[in-house]
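Peer 1: What follows is a structure written as structure tokens; I'll ask about it next.
None of the figures in this text is laboratory data; all of them are computed from the coordinates on show. Here the structure is a predicted model, which is why all the values come from computation and not from measurement. All Cβ positions, even for glycine, are placed from backbone atoms using ideal geometry, and neighbour counts span all protein chains on display.
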Amino acid sequence: MTLVNRFNGLSSLAALLIFSLVLYSCGNRSSRRTASNPGGASASTGAQYSFDDDDTTRFQVFRLPREVIGPKLKFVQGGRAVLGSQEQDIMGFRDNVERTVTVASFYMDETEVTNVDYKEFLFEIANNTKRGISQDSLQKLQPNDNVWEGLMSYNDVYATYYFRYPGFNFYPVAGVSWSQANVYSQWRTVYVNELSSIRNELDSALTQNQLIERGVTFPAYRLPNEAEWEFAAKAMVGTQYMDENQENGRIYPWDGRGPRNPYNIKRKSRQGDFLANFKRGRGDYAGISGSVSNDGDIIPTNVYNYPPNDFGLYNMAGNMNEWVQDVYRPLSFQDFDDLNPLRKDGLFDEEENYQTTMINDNFRVFKGGSWKDVAYWLAPGARRFMHQDSATNHIGFRCAMIAVGGKDY
């Protein structure tokens, strides 16, 4: 056999092997099952699936429909994170020591819940006779306007105008307790699902579990837990380069060591501007009038007035503090799981351990800093607490929603 013939024979064999590998890989790819492409028959038994609701003789498999994202939500891709306070603990609380955890992917409102959002909630609750809510119960859902009143100030005017006047429609709602925020979240879950066109195409007699099985109901809107909130606020995805490398940490929800905008190619037109609405010092809520770079906002402001962080979330520092799900305990970081940590109650750290009435399961964490706070409280790791039925003019909230399923739909 000549060298040329031998070479041609080897080339043909190589081509045949490559063709076989391509067929094999294509076959594997086509047989790969996903939630939106489960195949027509069981991969384990070969039995044919039923996709007909009227066919009760065969096992039913529901294809995951096209994912529909709830209104106003931004996707926050989960992952490993170092949570906790990264500033000097000048208060001496030692209640949020750094630790590494993993947070699952979820969705979060791009802004704080606004006055107009909350007015819609009150309107729908009052006018939906199916809910049968009493006037007394409706009154308990109203924001507490008295949070603006002060014996030694003229802030009482906001008690009349802040929630009602149209000019404040897209300012964050104030005077809402943790308990009221949870009722709002529950109502929003029901109402958004009622408005869903996919949901309305189905038989209204289906139970909630049946709707979940079909993948056509939104998961519950809820308050984010503390780990989710802190993870979303830091938005460390904006510091990442190459593969799982981050070029710097973050004290605030933006790059830099302070609250002003450093030189940044994405925001160079705002260089030197404050990146949050906060109290600059004793008696200084807004800076000097006429200055271009001051924040200029004496009270809470429009929820879109400051640039978003790298997850697309607005005011994750400043404007309003925000309620989160967690019960407050000073030593929560010692007890948390390191996967999706959440303190639901006083387990392992009972209130009997403390000589104060302010440590019990009715006190909830709030985070973020506000128009009324100095820069120290803008750091995502800072945490404070208040009774779940109390309200102030500097605590609002936003909703979150779990991202169900995996990467493959």
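Peer 1: Output ³J(HN,Hα) for segment 389-403: one whole-Hz value per residue in order, computed from phi by the Karplus curve 6.51 cos²θ - 1.76 cosθ + 1.60 with θ = phi - 60°, and x for Gly and Pro.
Peer 2: Ordered by residue, 3J(HN,Hα) equals 9, 8, 9, 9, 8, 10, 10, x, 6, 9, 9, 10, 8, 5, 9 Hz.
Peer 1: Could you list Ser137, Ser185, Ser177, Ser196 in order of exposure, starting from the residue whose Cβ has the fewest other Cβ atoms within 10 Å?
Peer 2: Details: Ser137 12, Ser185 20, Ser177 23, Ser196 17.
Neighbour counts put them in this order, fewest first: Ser137, Ser196, Ser185, Ser177.
Peer 1: Within the set Lys119/Lys344; Lys74/Lys372; Lys279/Lys367; Lys74/Lys279, which residue pairs have Cα atoms separated by over 22 Å? Kindly include the intermediate steps, with their values, before the conclusion.
Peer 2: Numbers: Lys119/Lys344 29 Å; Lys74/Lys372 27 Å; Lys279/Lys367 16 Å; Lys74/Lys279 28 Å.
Too far apart for the 22 Å limit: Lys119/Lys344; Lys74/Lys372; Lys74/Lys279.
Peer 1: Can you sort Ser291, Ser42 from fewest to most other Cβ atoms within 10 Å of each residue's own Cβ?
Peer 2: Least crowded to most crowded, the residues run Ser291, Ser42.
Peer 1: Using a 10 Å cut-off around each Cβ, can you sort Leu73, Leu339, Leu138 from fewest to most neighbouring Cβ atoms?
Peer 2: The order, fewest Cβ neighbours first, is Leu339, Leu138, Leu73.
Peer 1: What's log10 of I(q)/I(0) for segment 73-409 at q = 0.07, 0.08, 0.14 Å⁻¹, Debye sum over Cα points only, no solvent?
Peer 2: The computed values of log10 I(q)/I(0) come out as -0.30, -0.40, -1.24.
Peer 1: Determine, for each peptide in 323-330, 391-398, the mean count of other beta carbons within 10 angstrom over its residues, then list the peptides with the highest first.
Peer 2: By packing density, highest mean first, the sequence is 391-398, 323-330.
Peer 1: Could you list which residues have their amide H under 5 Å from that of Thr114, counting only those 5 or more apart in sequence or on another chain, with H placed in the peptide plane?
Peer 2: Val173
Peer 1: How far apart, in nanometres, would the label points at Val190 and Val82 be if each is projected 7 angstrom from Cα along the Cα-to-Cβ direction?
Peer 2: The answer from the label model is 4.6 nm.
Peer 1: Further question: Could you work out how much longer the chain between Val61 and Tyr241 gets when fully extended? Use 0.36 nm per residue separation minus the Cα distance between them, nm to one decimal.
Peer 2: Taking Val61 through Tyr241 to full extension adds about 60.7 nm, to one decimal.
Peer 1: In nanometres, what is the gap between the two model label sites at Leu339 and Val157, each 7 Å from Cα along Cα-to-Cβ?
Peer 2: 5.6
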